[in-house]
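The values are calculated or read from the model by the stated rules, or taken from the named source; none is laboratory data. This one's a predicted model, so the numbers in the text were calculated from it and none came from an experiment. Cβ: placed from backbone, ideal geometry, glycine included. Neighbour counts: every protein chain shown. These area figures cover heavy atoms from the full protein model, side chains too; ligands, DNA and RNA do not enter into them. Shrake-Rupley method; radii C 1.70, N 1.55, O 1.52, S 1.80 Å.
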Amino acid sequence: MPFHYDPGKLGPQEVEIAVTHCGICHSDLHLIANDWGISQYPFIPGHEIVGAVAAVGAEVRLLKVGQRVGLGWQSNSCGECEWCTRGMENLCPDSESTCVHRNGGYAGSVRANARFVIPIPDALESEHAAPLLCGGITVYNPLRTHGVNPSSRVGIVGIGGLGHIAIQFARVFGAEVTAFSTSAGKEEEARALGAHYFVNSRESKALNAVAGTQDLILNTANADQDWGIFIQALRPTGTLCFVGVPPSPVSVQAFPLISGQRAISGNPTGSPYRLREMLDVAARHGVKAQTESFPMAKANEAIEKVKKNKVRYRAVLAN
């Protein structure tokens, strides 16, 4: 049975988006199953949204009805705290997520604060742009935060929904890119996406060969690994950054961190400013998600296919 709801009166700073495309993110699967204990039912997932502005609140000035826009994980923030005033709204303690205690994008329409509704550059197709609004910014933001540039050596762990986008952005920034995967069959694809090197992370000999070679290793996988091996793969002052969430606690020895001044970090989504920047970079450099499209009415089928890891690499629902 379709679920209908009345969103009420449009707020003065809100925008209503008529959804044309919405990516399926692994976060949606966790929220559907209430793995994080924060879901409320009935529940509408979806936070990789592209559509057209259908209505704007009385105080919205920069967006117009009919304009093509995108909306990611975040739909609002307080706008006043230290983090919001520093342009780091994604770290706001009062952040509102698009489909947590709100109705998300597996729908005909969705609403959000206008500050988080981002114009989509003409050069990007809606289907390929949708996954950038969460998956894309999740890998783009740490690459920028950690100052990746043409002198950098960047490792990407996991060549999936996040990793295949991360390889493209790291290559655009001029870095030397190494792809780490437990699937040897992904080597050809990883190189086609822009990786200079491929390491089968099931082979200890291959892992030992890259010791001390990486400035930044971005983990996009949701699987447990021997994290000490990846710490050893870092150059001095290097960082192992998590955007994928392993099921078990991350355990490493302290000595390699101390002796090489290495670090472990994490990264959530990015600010509206960073989203705009990322979409501009993607449009100018041809970065896009590899997608498989499904009608919105077949959302359940698409979710099952994503659960079974049978989509390469992002499923997108279309109205």
With the Cα gyration tensor of the stretch 96-179 giving a ≥ b ≥ c as the square roots of its eigenvalues, does the rule (a/c under 1.5 for rounded; else a/b larger than b/c for prolate; else oblate) give rounded, prolate or oblate?
prolate
Of the residues ALA254, GLY270, GLY155, the Cα lying farthest along the dipole of the chain towards its positive end, which is defined by charges on the beta carbon of Lys, Arg, Asp and Glu, belongs to GLY155
State the answer as a single residue: which of VAL53, GLY135, ALA179 lies farthest towards the positive end of the charge dipole of the chain, with beta carbon charges of +1 for Lys and Arg and -1 for Asp and Glu, about the Cα centre.
ALA179
The answer for the net charge of residues other than ARG111 whose Cβ lies under 9 angstrom from its Cβ, with Lys and Arg +1 and Asp and Glu -1, is -1
In nm, what is the difference between 0.36 nm times the number of residues separating PHE255 and ASN222 and their Cα-Cα distance?
9.3 nm
Rel. contact order, % - alpha carbon contacts under 8 angstrom, at least six apart, the stretch 37-135:
37 percent
Highest-first arrangement of 286-294, 41-49, where packing means the average Cβ count within 10 Å:
41-49, 286-294
For LYS298, give me every one of the lysines with a C-alpha distance below 30 angstrom, ignoring sequence neighbours fewer than eight places off in its own chain.
LYS9, LYS186, LYS288, LYS307, LYS308, LYS310
When each pair of different Cα atoms in the chain is counted once in the 1/r mean, what is the Kirkwood radius in angstroms, to one decimal?
20.1 Å
Counting only DSSP beta bridges fully inside the chain, the antiparallel percentage to nearest 5 is 50 percent
Of the accessible area of the stretch 18-135, computed with a 1.4 Å probe and all protein chains kept, carbon and sulfur make up a percent value of 52 percent
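Per the 1.4 Å probe, what fraction of the accessible area of the stretch 148-251, in percent, lies on carbon and sulfur atoms?
Carbon-and-sulfur percentage of accessible area, whole number: 48.
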Sum of side-chain charges, ASN141 neighbourhood, beta-carbon under 14 Å (Lys, Arg +1; Asp, Glu -1):
+1
Fully extended contour minus Cα-Cα distance, from ALA123 to LEU62, at 0.36 nm per residue
19.9 nm
Candidate lysines - alpha carbon under 16 Å from LYS305, same-chain residues fewer than 8 apart omitted
none
Give me the 1.4 Å probe accessible area per residue for the stretch 187-230, excluding ligands and nucleic acids, in Å².
49 Å²
What is the sum of charges around GLY286, taking Lys and Arg as +1, Asp and Glu as -1, for the other residues whose C-beta is under 14 Å from the C-beta of GLY286?
0
